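Enquirer: The structure follows.
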Amino acid sequence: MSKKLEYELFTRHPDNPILSVENWPYKANSVFNAAAAEVNGQTLLLVRVEDYRGMSHLTAARSDNGIDNWQIDDKPTLIPDVEKHPEELWGIEDPRITWLAELNEWVITYTSYSQGGPLVSLATTKDFISFKRIGAVMPPEDKDAALFPVRFGDYWAMLHRPVSKTMNIQANIWLSFSPNLKHWGDHQEIIHARMGGWWDSVKIGLSSPPMETEQGWLILYHGVRTTASGSIYRLGLAMLDLNNPARVLHRSEEWIFGPKAHYEREGDVDDVVFPCGWFNKNGTVYMYYGAADCFDPETVAQRNETRDRVWAAISRLDDKHREVIILRHFHNLSYDKIAQILFCNKGTVMSRLYYARKKMKEILDSTKGGLQK
Ligand code: BMA
């Protein structure tokens, strides 16, 4: 494993992605951004499923070990209820689950999407088979919400991420309180995007629900930075006071996990890791995250096959041609830099490259299917 991956706080499961459309019992474009909970001794994922219209619903998948042998509901578990909830017209997305022991039920926070914009909705369930909707609890635009599992005084508390339309105001994490889960107030901003060069400079949002620890509420959040080739979604941590969640005790400066594996780097939206669930099982934290909004095993298989064939062709070149190909195409060095490294002139580099490419094309053409672009 490369040093860069080792620096991260979480270790990827070798069977990742552990769930993809390939496993799905019905037609879907992608499955991602699942909420997670331990239910009756099993791991339950409430998975966001995007259909071929581009709209999402939620489907439950259950497994004894949380890794494989998933039993997936053979039809959608929770679908938009447009008649009673027009705010769900374009789908329901990115759920988070919290167990409310006091009420003896699970509460699901999710994003409802319609022409009004994305907003935060709540539903409750005892079994992930039937659900009771509390409905829309925040006006748009607001997403990335999850509840704390306990009341603070008389009030339930929720973290969420409203978006301001005012120029130069980033999207930040807010805290709100409610006496009954339906009506929310006492809104306050508690963690903000860090501007400038930071990895979480453009927007941040809660990822998985707050996790209770002895030191405080552990908050996992995603931070977005925009680059010339798009946005990068990475993860950071913060710690909130156990009795007063408005008090931020600590916040990590560095990101602790980011897109590195091929299934995180390439998908419908490149360079995204997006957890909506995690839990602590015997001292190990299991984090479930969506990767690049989609994982298409066929594309990956094709790409791997192409990569293997290219490497096989490279290995058949003689040393002096192999080294120019590697320096130019894998290290992206200029002709001048390569000439400097190989103690030759630029003309020699160019002619070796010309020959090496011609030779590789011959080799690839002679193997099945030619080089796929
Ligand atoms: C966020 C949400 C997520 C999505 C992410 C990356 O704004 O819409 O559902 O995974 O963008 O595209």
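What follows is calculated from the coordinates using simple rules that are stated; it is not laboratory data. Computed from a prediction, not measured in an experiment: that's the story for all the values here. Counting neighbours? That spans all protein chains shown, and the Cβs are built from the backbone with ideal geometry, glycine included.
Enquirer: With N set to the number of residues, divide the alpha-carbon radius of gyration of segment 81-238 by 2.2 N^0.38 Å and report two decimals. Intermediate values should be presented prior to the final figure.
Expert: Working: Rg = 15.8 Å, N = 158, 2.2 N^0.38 = 15.1 Å.
For segment 81-238, the normalised Cα radius of gyration comes out at 1.05.
Enquirer: Picking from 66, 153, 54, which is most flexible by a Gaussian network model of the chain using Cα springs under 10 Å?
Expert: Among 66, 153, 54, the largest GNM mean-square fluctuation belongs to 153.
Enquirer: For segment 299-367, just say rounded, prolate or oblate: build the C-alpha gyration tensor, square-root its eigenvalues into a ≥ b ≥ c, call rounded for a/c under 1.5, and beyond that prolate if a/b exceeds b/c, oblate if not. Write down the numbers at each step before the final one.
Expert: Working: a/c = 2.86, a/b = 1.82, b/c = 1.57.
Judged from the Cα gyration tensor, segment 299-367 comes out prolate (a/c at least 1.5, a/b above b/c).
Enquirer: Where in the chain are the helices, taken as whole DSSP H runs, whose Cα atoms extend 20 angstrom or more along the long axis and whose Kyte-Doolittle mean reaches at least -1.0? List each step's numbers first, then the result.
Expert: Working: long enough: 297-315 (27 Å, -0.92); 346-366 (30 Å, -0.71).
Sorted by number, the helices that extend far enough and score high enough are 297-315, 346-366.
Enquirer: More than 13 Å apart: what percent of Cα pairs in segment 193-246 qualify? Numbers along the way, then the final one.
Expert: On the way: 850 of 1431 pairs.
In whole percent, the share of Cα-Cα pairs in segment 193-246 beyond 13 Å is 59.
Enquirer: Points 7 angstrom from Cα along the Cβ direction at residue 168 and residue 181: gap in nanometres?
Expert: Taking the simple label geometry, residue 168 and residue 181 are separated by 4.2 nm.
Enquirer: Tell me, Kirkwood radius of segment 68-108 from alpha-carbon pair distances, in Å? Could the numbers behind the result be given before it?
Expert: Details: mean 1/r = 0.0781 Å⁻¹.
Mean inverse Cα-Cα distance, inverted, gives 12.8 Å.
Enquirer: Using the 10 angstrom Cβ neighbour count as an exposure proxy, how do 160, 85, 183 rank, fewest first? Walk me through the numbers before you get to the answer.
Expert: Working: 160 23, 85 17, 183 10.
Ordered by Cβ neighbours within 10 Å, fewest first: 183, 85, 160.
Enquirer: In addition: Given all pairs of different Cα atoms, what value in angstroms does the Kirkwood hydrodynamic radius of the chain take? Let's see the in-between values first.
Expert: On the way: mean 1/r = 0.0438 Å⁻¹.
Averaging 1/r across every pair of different Cα atoms and inverting gives 22.8 Å.
Enquirer: For segment 161-283, what value does the Rg/Rh ratio take when both radii are computed over Cα atoms and Rh is the Kirkwood radius, given to two decimals?
Expert: On the way: Rg = 15.3 Å, Rh = 15.6 Å.
For segment 161-283, the value is 0.98.
Enquirer: For residue 350 and residue 312, what does the FRET efficiency come to when R0 = 25 Å and r is the distance between their Cβ atoms, rounded to the nearest 0.05? Walk me through the numbers before you get to the answer.
Expert: Values: r = 25 Å, r/R0 = 1.00.
The formula returns an efficiency of 0.50 here.
Enquirer: Shifting gears a bit: For n ≥ 4 DSSP H runs only, could you compute -39500 (n - 2.57) per run for the chain, divide by its residues and tell me the 222 nm figure to the nearest 500? The partial results should precede the final answer.
Expert: Working: 6 runs with 63 residues, N = 373.
One gets -5000 deg cm²/dmol as the mean residue ellipticity at 222 nm.
Enquirer: So, one more: Say each of residue 124 and residue 195 gets a label point 7 Å from the Cα, pointing the same way as Cα to Cβ; how far apart are those two points in nm?
Expert: Spacing of the two 7 Å Cα→Cβ label points: 4.2 nm.
Enquirer: Let me ask something additional. Multiplying the sequence separation of residue 227 and residue 67 by 0.36 nm and subtracting their Cα-Cα distance, what value in nm do you get? Don't jump to the answer; show the numbers that get you there.
Expert: On the way: separation 160, 0.36 × 160 = 57.60 nm, distance 3.36 nm.
Fully extending the segment from residue 227 to residue 67 adds 54.2 nm.
Enquirer: Running a GNM on the chain with Cα contacts under 10 Å, which residue among 203, 346, 165 ends up with the highest mean-square fluctuation?
Expert: 346
Enquirer: Once the piece of chain linking residue 330 and residue 151 is laid out straight, how much longer is it, given 0.36 nm per residue of separation minus the C-alpha distance between them? Provide the component values of the computation, followed by the final result.
Expert: Values: separation 179, 0.36 × 179 = 64.44 nm, distance 5.48 nm.
My answer for the length gained is 59.0 nm.
Enquirer: Right, something else. In a Gaussian network model over the chain where Cα atoms closer than 10 Å are linked, find which of 121, 164, 334 has the largest mean-square fluctuation.
Expert: Fluctuation is largest for 334.
Enquirer: Could you estimate the translational diffusion coefficient of segment 216-259 from the Stokes-Einstein equation, with Rh from the Kirkwood formula over C-alpha pairs, at 10 °C and 1.306 mPa s, in whole µm²/s? Please list the in-between numbers first.
Expert: Numbers: Rh = 11.4 Å.
D = 139 µm²/s.
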